[in-house]
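We did not get these values from a lab; they are worked out from the coordinates using the rules stated. All values derive from a computational prediction rather than experimental measurement. Using ideal geometry, Cβ is built from the backbone for each residue, glycine included, and neighbour counts are taken over all protein chains shown.
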Amino acid sequence: MKKVITYGTYDLLHHGHVALLKRAKALGDYLIVGVTADGFDKERGKLNVSQSLAERIENVRQTGIADQIIVEEYEGQKISDIQKYGVDIFTVGSDWVGKFDYLSEYCQVVYLPRTRGISSTVLRASAKPALKVGILGVDSMAERFFSEAKVVSGMEVTSVYDADPQKVTKFCRGKGGLERLESEQDIYAGCDAVFINTPADEHYQQILAAIEAGCHVICNPPMFLSREEANECYQKADEAGLVLFEGIKTLYFPAFEHMLLLVKSGLIGTVKDIDVSCSQIPEHMEQVVKNKYLGSLYDWGTTALLPIIKIYEAECLDSQLINFQTEDFSYFTRGLLRYQNATASIKVGKGMKVEGELIITGTKGYLYVPAPWWKTEYFEIRSEDLRNVKKYFYSYEGDGLRYMIYSFLNAINDPERGLQHTRAEVLRATAILEKFHQGGFTRIEM
Ligand code: C2G
């Protein structure tokens, strides 16, 4: 019996897929089809898969062409599958020519002609019109957001506004088709969603105006500096059926997501302490210090608090903050947080440098994420016996923002799926930022 294997996402199964499966089957007597798991697709940068793994498997099964269906979970699984199932031929569409030549060490590799004129991407785009997104504020994150949004199908950045027209001119250079608008209001009126990329003290009014205009919001953290304002905005967004999404990119990186799952699975026992450090010495510090909202806890606070809030899932009972600052700008904030039966500490610096690591302490061991933990592709789980360190490696595509943007789009297109970062979690971080914003810290002159 000649065994053939092929792999695919098979999202929104179409005649191109079926043709491939038929040709694959004709290469031998027994066809194994590997359908890609959601996590694997995300890791390899294939975002926006519309159907669940179960739906995609069922669609392949219903063709009656596959003799066996397996799930493809990770890079490198193909080799172990070929060996495990005694496969004679690996095949895949001609859009992958060359990509799998390395498998010829294990079996024959055949690239089959791809059916022209049909793809899951085309079907997805026609299923829903692309979401129109406007960028409000063209500083730092705007470029990264613009380029990463391009690879998230189902949305497009159509317009931009910034109070500084010269900045907009520079930003729009080379971005044909991007419309520059004359006011913030034009952004809210002309788009389905807005990326608020402005200093934190402007967010509240801008979010209210966006909601008023029926615009979904993805906002740079910290989205809010006051719980009262946050609750007001959430209530109005609910009434309008709109999504408020805090754009904490770290949360959507594959490594961070998996790290949370491992910690919550009890792998290091009960977590009793979390130690987080983030810092940056930006260029042109003389410019940065003019804007207090670029200061330590304003700029890093939401990210530094993220692992603490996601793991403890409880209210902070007490926080002590010590802040190094001059006039109005905070360079370095150190915080000690107490929870029901656990503690946490944060160190965040702007214009000061500290090792950017994350250490999660448990009763069976600890998880160590090296700097820069907030965009890590790697972490270790260590225990008393340092010889059995478990190492975890991940990769992310591009700048990594695409995973966050994809989650934002999902939250809009599939409200039932809900938000990965809940309102309660946003409010827990806001409580600490609010305390800081209102001067609830011990001040040390720089
Ligand atoms: N295909 C095709 N004609 C099309 C679209 C897809 O022949 N018009 C083929 C692809 O070449 C692939 C299979 O159908 O062999 C499944 O395609 P996708 O679901 O798009 O998945 P893809 O990511 O291309 O799968 O690791 C191998 C990859 O998983 C291949």
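Shape call for the stretch 3-121 from the C-alpha gyration tensor, a ≥ b ≥ c root eigenvalues: rounded (a/c under 1.5), prolate (a/b greater than b/c) or oblate? In terms of gyration-tensor shape, rounded.
Rounded to the nearest 20, the Cβ-based charge dipole of the chain about its Cα centre (Lys and Arg +1, Asp and Glu -1) stands at 1320 debye.
If the segment from ARG116 to LYS435 were pulled out straight at 0.36 nm per residue, it would be longer than the present Cα-Cα gap by 109.0 nm.
Highest average first, the peptides 264-276, 398-410 ordered by how many other beta carbon atoms sit within 10 Å of their residues are 398-410, 264-276. Among beta bridges from DSSP that stay inside the chain, the antiparallel ones total about 40%. Seen from MET285, the other residues with C-beta closer than 15 Å to its C-beta sum to a net charge of -1, counting Lys and Arg as +1 and Asp and Glu as -1. When the chain is described by a simple charge dipole with +1 on each Lys and Arg Cβ and -1 on each Asp and Glu Cβ, the residue from PRO199, ILE360, ILE218 located farthest towards its positive end is ILE360. Qualifying chymotrypsin sites (Phe, Trp or Tyr not before Pro) in the stretch 51-96, where qualification requires a DSSP coil assignment and no more than 15 other C-beta atoms within 10 Å, comprise TYR74.
Among the lysines of the stretch 250-445, pairs at least eight places apart or on separate chains and with Cα atoms under 21 Å apart come to 29.
Listing ARG180, ARG428 from fewest to most neighbouring C-beta atoms within 10 Å gives ARG180, ARG428.
For the stretch 58-118, what class follows from the C-alpha gyration tensor (a ≥ b ≥ c being the square roots of its eigenvalues): rounded when a/c is under 1.5, otherwise prolate if a/b is larger than b/c, else oblate? Oblate is the answer for the stretch 58-118, as a/c is 1.5 or above yet b/c matches or exceeds a/b. Using a/c under 1.5 as the rounded threshold, could you call the stretch 203-291 rounded, prolate or oblate? The axes a ≥ b ≥ c are square roots of the C-alpha gyration tensor eigenvalues, and prolate needs a/b larger than b/c, oblate otherwise. In terms of gyration-tensor shape, oblate.
The order of ILE79, ILE359, going from fewest to most other C-beta atoms within 10 Å of their C-beta, is ILE79, ILE359.
Axis angle, to the nearest 10 degrees, between helix 200-212 and the longest C-alpha principal axis of the chain: 60 degrees. Cross-link partners for LYS150 among the lysines, with Cα-Cα distance under 16 Å and sequence neighbours closer than 8 places in the same chain left out: LYS42, LYS46, LYS132, LYS175. Available extension along the chain between GLN205 and ARG227 is 6.5 nm, counting 0.36 nm per residue and deducting the alpha carbon span. Label positions at ALA424 and LYS264, each projected 7 Å from the Cα along the C-beta direction, are separated by 1.2 nm. To the nearest 0.05, how large is the calculated FRET efficiency for ARG382 and LYS84 if R₀ is 35 Å and r is the Cβ-Cβ distance? Efficiency for this residue pair is about 0.65. Sorting SER126, SER319 by the number of Cβ atoms found within 10 Å of their own Cβ, with the fewest placed first, yields SER126, SER319.
Reducing the stretch 398-425 and the stretch 70-106 to their Cα centroids gives an inter-centroid distance of 32 Å. Annotation: extensible slack from GLN185 through VAL97 equals 26.8 nm (criterion: 0.36 nm per residue apart, minus Cα-Cα distance).
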